[in-house]
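Dropping a structure here in structure tokens format, bear with me for questions.
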Protein chains: 4
Amino acid sequence: MEKITKEKVEAFIPKRKRDSYKGTYGRVLFVGGNQNMGGAIMLSASAGLHSGAGLVTVATHSSNQAALHTRLPEAMFLPMEDLNQLEEKIDSMDVIVVGPGLGRDTLALNVLQTVYQTAGKDQLVLVDGDAIYLHVNEKLPETEASLIFTPHLGEWRTMTGLPLDEQYLETNQEKVKELNAVVVLKKSRTEVYYEEEVWQNTTGNPAMATGGMGDTLAGMIGGFVAQFDDNKKAVLSAVYLHSYIGDELAKTQYVTLPSHIIEKIPFTMKEFTKTAGKLSFI
Amino acid sequence: MEKITKEKVEAFIPKRKRDSYKGTYGRVLFVGGNQNMGGAIMLSASAGLHSGAGLVTVATHSSNQAALHTRLPEAMFLPMEDLNQLEEKIDSMDVIVVGPGLGRDTLALNVLQTVYQTAGKDQLVLVDGDAIYLHVNEKLPETEASLIFTPHLGEWRTMTGLPLDEQYLETNQEKVKELNAVVVLKKSRTEVYYEEEVWQNTTGNPAMATGGMGDTLAGMIGGFVAQFDDNKKAVLSAVYLHSYIGDELAKTQYVTLPSHIIEKIPFTMKEFTKTAGKLSFI
Amino acid sequence: MEKITKEKVEAFIPKRKRDSYKGTYGRVLFVGGNQNMGGAIMLSASAGLHSGAGLVTVATHSSNQAALHTRLPEAMFLPMEDLNQLEEKIDSMDVIVVGPGLGRDTLALNVLQTVYQTAGKDQLVLVDGDAIYLHVNEKLPETEASLIFTPHLGEWRTMTGLPLDEQYLETNQEKVKELNAVVVLKKSRTEVYYEEEVWQNTTGNPAMATGGMGDTLAGMIGGFVAQFDDNKKAVLSAVYLHSYIGDELAKTQYVTLPSHIIEKIPFTMKEFTKTAGKLSFI
Amino acid sequence: MEKITKEKVEAFIPKRKRDSYKGTYGRVLFVGGNQNMGGAIMLSASAGLHSGAGLVTVATHSSNQAALHTRLPEAMFLPMEDLNQLEEKIDSMDVIVVGPGLGRDTLALNVLQTVYQTAGKDQLVLVDGDAIYLHVNEKLPETEASLIFTPHLGEWRTMTGLPLDEQYLETNQEKVKELNAVVVLKKSRTEVYYEEEVWQNTTGNPAMATGGMGDTLAGMIGGFVAQFDDNKKAVLSAVYLHSYIGDELAKTQYVTLPSHIIEKIPFTMKEFTKTAGKLSFI
């Protein structure tokens, strides 16, 4: 099990190219936020935007349109109830983050089915929160897309049937192989299962134990995989930076809200590319 | 009558544990905010979140959904009009704060009745603002939950029948005993009646005399009792810190709005745990 | 014509009393904001709140409820279309600011009529923007309330029939006497006609020439008259401080938006009470 | 091809006159923002406001009213679906910015037709985003207004039929002459085609490659042409400053969101007028 460290992440974050444009940095669709949990997908999408994703669209319950545009004028909106529009939109996306605040009702299930059916083999689908619940408990079509799961310990137990005291590195790896997916196992020291490799995060603290933190991490991973050439480096960097920022904030805050973390992403990414003595642009 | 002092509050605020997660810090339901006073419950819930409550849900009039998600994406939403949903939600909560901006109409009464009926003996219900009015003036079912009341002087008079000039420590204590509840009596030097004890706050100033301050205090108390092992320490700390922050802000502000106070909570809590020479996490 | 100066305003701003509560600082109702101009009344009310008004209610078109609560959770909301609710609310108010974004249609007229009819002789009504237009062009009932008008030069011309080149101090004073009101005549050096006196402002700059500035000034005047014992000192202080803050901001900003000014009000008021070597609270 | 430099832009930005008022700085109408892309027109209008435009109105889909007033209380609102209201409003405007988030459906087309038909020869219409698409692909009436187009490279190709490798200065100039318009050709070093002249920007960086940047630039140009006496100086200054701010922010941010840029506009404009050793006001 390898450690994710500052030095490694500094080397992982790519330089932006002089002649790039917004399309260069990926199209990311965030899918979630029902009438009760609209904030979750807004946090997730905001994290993606602040991570540098080129173009962000949010498919969410239509009652969330006003709040979304108020908080995130940079994001485009899609009414989640309109499955045809959703299907069409998925086609042009690089990454789909599905689950934050999605809910577990019939609409949620239909939405997830649409994502699984429509996403193709060049696309990446990140499955988070309620989408993990639905993935485990409902009949879903096979998807051609590459999958990333971001369960916390309890969700991992229901995904694998492994009780907490049988969740060892090896048993986890076996289950990950069966899933044929990348797994980010969220815990006080988060683990990333990437193909044969297992990485352990070295940042994070209990001031981050508050609602919406998982949604924020999912958004950062989505934003990073959309931009980085290398998915592994993207996932590891997002996991590390999310908690690194949390650690920095915890020096002066008893609790750190997701929105506090999100605001800092562009600044911390910059620090990390500077520290490595690299030019920021090439 | 004991004084609430900085030294005591520094010792009251607990350290967060390394292996904790958001569930460790409590589930708090905020109930209030009709069509006219939606802002009140948003201030209250925001104070709870910034105080470190793990998971915050807001049951409010459905016309407040957009504003709630815009201001507080970290909070979940529940339409207050749907009493069945409310009842179901209450079951999984640790603390319920009811009253800010609730109103005094039939819906408000039905909502409060639902809270009283549903909350069980392991739950804590904080009764504030319009809920105090309804508690005094309407027929409400007995509740099994532990109660905290947060009246200002005028509300205390209607609760007890005691005119202002008969509100002595001893007469108040008698009434508190009858109520079988904790009472936070808001005045320029707020008093806390906790079982046999009476505590007096030593912070607060007239720059805080503005609408929404009481809602904010109620939210802080709710957030603290959800996290602290000891309810008395939680209530006393919230009362003290709310006005301590107000005092700090009043050094540079002629008036301090509730939202100014709320933003400072995580920072001031951190200062207080540092001052005591404690490690912040264990 | 006397000059409004820093020294005078420092002496005008009252100290807050230790035992005061929010009711001490006045109840202010802001009336305006139709479907097209909701922002105007929000700026006005926000200025009133940041000026220290104790309790702020906003009567505005019901389509503005969500935006109002998002921007100003400290304010209460009233649907402007409901004239009965409006009438009832006016009864308990100290000050009514009417006009910002009100519009000039039938609803606007009915609203203004309700304000004029309902406000009594112990109440103060500030007539701004579209309400000035309606006052001049429509048949309105006499009102018992004291009136403050805040016209700009063009509005003053239509109010008085005086062309710009006949607006001298003496001709203006005659018209003010006929109106039996206080007049704040907005120009690059704003003039205040208060009973027999005329005061001229000494602050202000062209970086403030942007939409919403007048609404902001109206809100500050409303907030100040609600708190100060002396209406004259309140009006003069608001006129001075509004532009004083604008001058301070213009040192680093090419243009200063109303929201920039509003945020600074509590801080500048504090500076002014400190400069005078006074204790802030008594 | 002349370079747009700091020294030139410092000389371009006009001083504000002491006796000016908001009407002096122009009336700008922003038209765009359908149900999916309301944020785009809000960014554009916000950029216009922060650039110093005197009065800003936004014609956008009615579902965007709440978000608009929350983000931008200084702006007036018009429901885009009401073509009669739109037509009437255009009459009193100096500048119309059309396109950001407009969409490409029948409503969008009708809106653009209304703008083209109604705008007269003393008015300036800036055609951006989806309005460029509609201009190329749909039958639109001739307009008497002066036109500014702000295409990116791909849009310029569809406007001109010139493949990327045939877009030389001379071929571009020919096409610009046919269009009888000003063209701002957005690329990593943006070019401005103004009558016989071609100017090249010297600022900009890949941290700005994110959604909404073009909307923001369009808003700045709109705000500048409304204020400056000289349209050429206005366009060149907006192009330069937009990316200059982006360069400043990129020193500490890996990615710079449009809202980050917008906040800085008033401060950077001030710096530029100071650097030139000029008084800011005359």
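If you go through segment D:101-121 one residue at a time, do you hit one that is under 19 Å from the mean Cα position of the chain (by Cα), closer than 25 Å to D:Thr268 by Cα and surrounded by 24 or more Cβ atoms within 10 Å (Cβ to Cβ)?
no
Does A:Lys274 satisfy the criteria of being part of a helix (DSSP H, G or I), away from every other protein chain (no Cβ under 12 Å), under 27 Å from A:Gly54 (Cα atoms) and of a type in the set (Lys, Arg)?
Answer is no for this residue.
To keep it simple, each residue is scored yes or no on (1) closer than 24 Å to A:Asp19 by Cα; (2) within 17 Å of the chain's Cα centre (by Cα).
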| site | (1), (2) |
| --- | --- |
| A:Val198 | no, no |
| A:Met208 | no, yes |
| A:Thr216 | no, yes |
| A:Lys251 | no, no |
| A:Phe272 | yes, no |
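Turning to a different aspect of this structure: Scan segment C:189-216 residue by residue and report those that are more than 30 Å from C:Lys121 (Cα to Cα) and in contact with a Ser or Thr (Cβ under 8 Å, 6 or more places away or on another chain).
Answer for segment C:189-216, where residues must be more than 30 Å from C:Lys121 (Cα to Cα) and in contact with a Ser or Thr (Cβ under 8 Å, 6 or more places away or on another chain): C:Arg189, C:Thr202, C:Thr203, C:Gly204, C:Asn205, C:Pro206, C:Ala207, C:Met208, C:Ala209, C:Thr210.
Right, here's the next one. Taking the criterion of being at pLDDT 95 or above, within 25 Å of B:Arg18 (Cβ to Cβ) and within 14 Å of chain D (Cβ to nearest Cβ), would at least one residue in segment A:229-238 satisfy it?
Within segment A:229-238 (the criterion being at pLDDT 95 or above, within 25 Å of B:Arg18 (Cβ to Cβ) and within 14 Å of chain D (Cβ to nearest Cβ)), the answer is yes, since at least one residue qualifies.
Rundown of residues vs (1) on the phi > 0 side of the Ramachandran plot; (2) modelled with pLDDT of 95 or more; (3) among the hydrophobic types (A, V, I, L, M, F, W, C), yes/no style:
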{"site": "D:Arg104", "(1), (2), (3)": "no, yes, no"}
{"site": "D:Leu107", "(1), (2), (3)": "no, yes, yes"}
{"site": "D:Thr114", "(1), (2), (3)": "no, yes, no"}
{"site": "D:Ala131", "(1), (2), (3)": "no, yes, yes"}
{"site": "D:Lys139", "(1), (2), (3)": "no, no, no"}
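If only one of A:Gly38, A:Gly52 is buried (at least 19 other Cβ atoms within 10 Å of the Cβ), on the phi > 0 side of the Ramachandran plot and at the interface with another protein chain (Cβ under 8 Å from one of its Cβ atoms), which one is it?
A:Gly52
If you go through segment D:48-67 one residue at a time, how many are assigned to a helix (DSSP H, G or I) and under 15 Å from C:Gly211 (Cα atoms)?
3
So, in segment D:180-204, how many residues would count as being surrounded by fewer than 22 Cβ atoms within 10 Å (Cβ to Cβ) and part of a loop (DSSP other than H, G, I, E, B)?
9
Scan segment D:62-84 for residues that are surrounded by fewer than 24 Cβ atoms within 10 Å (Cβ to Cβ) and more than 9 Å from chain C (Cβ to nearest Cβ) and jot them down.
Across segment D:62-84, the qualifying residues are D:Ser63, D:Glu81, D:Asp82, D:Leu83, D:Asn84.
Against the definition (β-branched (Val, Ile, Thr), part of a helix (DSSP H, G or I) and away from chain A (no Cβ under 11 Å)), how does B:Ile90 come out, yes or no?
yes
If you go through segment B:21-34, how many residues are within 14 Å of chain C (Cβ to nearest Cβ) and out of contact with any strand residue (DSSP E or B) (no Cβ under 7 Å at 6 or more places or on another chain)?
1
Using the structure shown, decide if D:Lys3 is away from chain C (no Cβ under 14 Å), under 23 Å from D:Asp229 (Cα atoms), among the basic types (Lys, Arg) and out of contact with any His (no Cβ under 7 Å at 6 or more places or on another chain).
yes
Any idea which residue in segment B:1-47 is modelled with the highest pLDDT, counting only those that are touching a Pro at 6+ places or on another chain (Cβ under 8 Å) and part of a strand (DSSP E or B)?
The extreme case among them is B:Phe30.
Scan C:Leu140, C:Leu147 and give me the residue that is under 29 Å from C:Val56 (Cα atoms) and in a strand (DSSP E or B).
After applying the criteria, what remains is C:Leu147.
Kindly indicate whether A:Lys121 is outside any helix (DSSP H, G or I) and charged (D, E, K, R).
Spelling it out, A:Lys121 is indeed outside any helix (DSSP H, G or I) and charged (D, E, K, R).
Then there is this: Select from segment B:161-179 the residues that are surrounded by fewer than 17 Cβ atoms within 10 Å (Cβ to Cβ) and closer than 19 Å to B:Gly214 by Cβ and list them in ascending order.
B:Leu164, B:Leu179
Among (1) over 18 Å from C:Val97 (Cα atoms); (2) within 13 Å of chain B (Cβ to nearest Cβ); (3) among the hydrophobic types (A, V, I, L, M, F, W, C), there is one condition C:Leu249 misses while meeting the rest; what is its number?
(2)
Take the residues of segment A:205-219 that are assigned to a helix (DSSP H, G or I) and free of Cβ contacts under 8 Å to residues at least 60 places away in the same chain: which is farthest from the other protein chains (Cβ to nearest Cβ)?
A:Met208
Could I ask something else about it? Do we find that D:Thr57 is within 12 Å of chain C (Cβ to nearest Cβ), β-branched (Val, Ile, Thr) and either closer than 28 Å to A:Thr57 by Cβ or surrounded by fewer than 24 Cβ atoms within 10 Å (Cβ to Cβ) (or both) in this structure?
Considered against the rule, which asks whether it is within 12 Å of chain C (Cβ to nearest Cβ), β-branched (Val, Ile, Thr) and either closer than 28 Å to A:Thr57 by Cβ or surrounded by fewer than 24 Cβ atoms within 10 Å (Cβ to Cβ) (or both), D:Thr57 comes out as yes.
Which number in (1) closer than 30 Å to B:Arg71 by Cα; (2) among the hydrophobic types (A, V, I, L, M, F, W, C); (3) within 8 Å of another protein chain (Cβ to nearest Cβ) marks the one condition that A:Ile13 misses?
(1)
Which condition does D:Leu55 not pass, out of (1) farther than 29 Å from D:Lys121 by Cβ; (2) touching a Lys or Arg at 6+ places or on another chain (Cβ under 7 Å), if it passes all the others?
(1)
Next up: I need the full set of residues from segment D:82-105 which are under 17 Å from D:Ser63 (Cα atoms) and free of Cβ contacts under 8 Å to residues at least 40 places away in the same chain, in order please.
Within segment D:82-105, D:Asp82, D:Leu83, D:Gln85 qualify.
Out of (1) touching a strand residue (DSSP E or B) at 6+ places or on another chain (Cβ under 7 Å); (2) more than 14 Å from chain D (Cβ to nearest Cβ), what's the single condition that is false for A:Glu196?
(1)
Next up: For B:Gly222, indicate whether it is within 11 Å of another protein chain (Cβ to nearest Cβ), in contact with a Leu (Cβ under 6 Å, 6 or more places away or on another chain) and farther than 13 Å from B:Lys187 by Cα.
In short, no.
Looking at (1) more than 30 Å from B:Phe77 (Cβ to Cβ); (2) without any contact (Cβ under 8 Å) to a residue 60 or more places away in the chain, which is the only condition A:Gly26 fails?
In the conditions (1) more than 30 Å from B:Phe77 (Cβ to Cβ); (2) without any contact (Cβ under 8 Å) to a residue 60 or more places away in the chain, A:Gly26 misses (2) alone.
Looking at segment D:256-272, is at least one residue within 30 Å of A:Glu10 (Cβ to Cβ) and either of a type in the set (D, E, K, R) or touching a Cys at 6+ places or on another chain (Cβ under 9 Å) (or both)?
Within segment D:256-272 (the criterion being within 30 Å of A:Glu10 (Cβ to Cβ) and either of a type in the set (D, E, K, R) or touching a Cys at 6+ places or on another chain (Cβ under 9 Å) (or both)), the answer is yes, since at least one residue qualifies.
Also, quick follow-up: Somewhere in segment B:144-160, is a residue of a type in the set (A, V, I, L, M, F, W, C), surrounded by fewer than 17 Cβ atoms within 10 Å (Cβ to Cβ) and at negative phi?
Yes.
Would you say D:Lys177 is touching a helix residue (DSSP H, G or I) at 6+ places or on another chain (Cβ under 9 Å) and either within 13 Å of chain A (Cβ to nearest Cβ) or free of Cβ contacts under 8 Å to residues at least 24 places away in the same chain (or both)?
Against the criterion (touching a helix residue (DSSP H, G or I) at 6+ places or on another chain (Cβ under 9 Å) and either within 13 Å of chain A (Cβ to nearest Cβ) or free of Cβ contacts under 8 Å to residues at least 24 places away in the same chain (or both)), D:Lys177 does not qualify.
The values are calculated or read from the model by the stated rules, or taken from the named source; none is laboratory data. What you are looking at is a predicted structure, and each value in this text was computed from that prediction instead of being measured. Because the Cβ atoms are built from the backbone with ideal geometry, glycine has one as well, and the counts that use them run over all protein chains shown.
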